[in-house]
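Working notes for the structure below.
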Amino acid sequence: MAFELTKSIIDDIIFSMEDQNADFVFDAKNLCAVPLDSLEEFEDGDAEENENLYPLPAWNSDDGFEIMEKFAETVRVPKVRNELQQVLANGRGVFRNFKNVLKQYPHIEKRFHAFKESEMRAIVVEWYNSLRESWGLEKLNQDFEEYNELTQEDFEFHPYNHQKDNDCIVNEAKIIAEEIKSEFGGNTAKAIAHFWLRKFNYEPHSDIDGIICRTLSEEFAGCILFSKCESFAEKVVALTAVFVNQNYRGLGITRELFSRGISYLKEQGIQSFIIVDSVLPDYLEPLLARCGFEKKGSAYILELTDK
């Protein structure tokens, strides 16, 4: 018996697939999943032959483990990825321990649930399409919301406020300075970290502007800061710094900060956005190109007004 696959039916099927305490079938007549042992009117084996009943997609703990493995590979925050993969490698109590790690990082925990739901929906749609083929119908391309790394509802973006944001920025800058020392080592690393921190000391706060990213619980997640130029070039700003807290890297926040920052500068009537840092991370260069920056010598320039 043919039936239409809806979001509520998908949710019901997924819920039943994950219930390892019973075997379920889908009742196409009543449009719901039911435990096989509740169908008392059928003798063993007869239920599977009933045209209104369909076995659900196969699902067990191995499938759940595979989804956790796939998700761990997508996590781009090294600390979190390593913790998750270590849990998976240990094996014992893997499901409980995986959940315990995720609870320490609510934003990544939310990503995992979205990832898992997307994967399981794809399995259900594939199952449904196999049924459609058996009914002599064409496969459907179900248009469901896809998994998205940066969930906008998880973060808030607002213009820089010196009183509220400066201490968080300076503290985070110090953490990044320690990361620099660990990465390079020796006096060279100390020198790079020293000049990095100077960015946040010499500018009067009245000359600093930017966009701040925070979680919904007000935890600092990242920022992009601009310095206003002298009066002879008052419609030009230079990038002071852009960085993201290590717990939130890999979510697309840097891209979002640049996008919102550029829109903000246009609203302020700024004509040019320049980057004159002599040292830029390699990963920023493709992003700058996508944002429209032109490389001129060692500098990057983005014209914000139509020529």
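The values are calculated or read from the model by the stated rules, or taken from the named source; none is laboratory data. Predicted model, so just to flag it, every value in this text is computed and none were measured. No Cβ is skipped: glycine too gets one built from the backbone with ideal geometry, and neighbour counts run over all protein chains shown. Remember, those area values only see protein heavy atoms, side chains included, never the ligands or the DNA or RNA. Shrake-Rupley method; radii C 1.70, N 1.55, O 1.52, S 1.80 Å.
A few points about this structure:
- Surface share of carbon and sulfur [accessible, 1.4 angstrom probe, percent] for the chain: 46 percent
- Accessible solvent surface per residue of the stretch 174-307, calculated while the other protein chains remain in place, 1.4 angstrom probe, Å²: 56 Å²
- Peptides ranked, highest mean first, by Cβ atoms within 10 Å: ranges 17-23, 54-60: 54-60, 17-23
- Remark: the chain carries a charge dipole of roughly 2600 debye about the Cα centre, counting +1 on each Lys and Arg Cβ and -1 on each Asp and Glu Cβ.
- If you wrap the Cα atoms of the stretch 4-122 in a convex hull and average its projected area over all directions, you get 8.6 nm².
- Angle between the chain longest axis and helix 61-74 axis [Cα atoms, degrees, rounded to 10]: 20 degrees
- Placing +1 on each Lys and Arg Cβ and -1 on each Asp and Glu Cβ, with no other charges, gives the stretch 173-228 a dipole about its Cα centre of roughly 220 debye.
- Anchor Lys199: lysines whose Cα lies under 18 Å away (excluding residues fewer than 8 positions away in-chain): Lys174, Lys181, Lys190, Lys228
- For the chain, the relative contact order is 11 percent, taking Cα pairs closer than 8 Å that sit 6 or more residues apart in sequence and dividing their mean separation by the residue count.
- Tail weight of P(r) past 31 Å, computed on alpha-carbon pairs of the chain, percent: 49 percent
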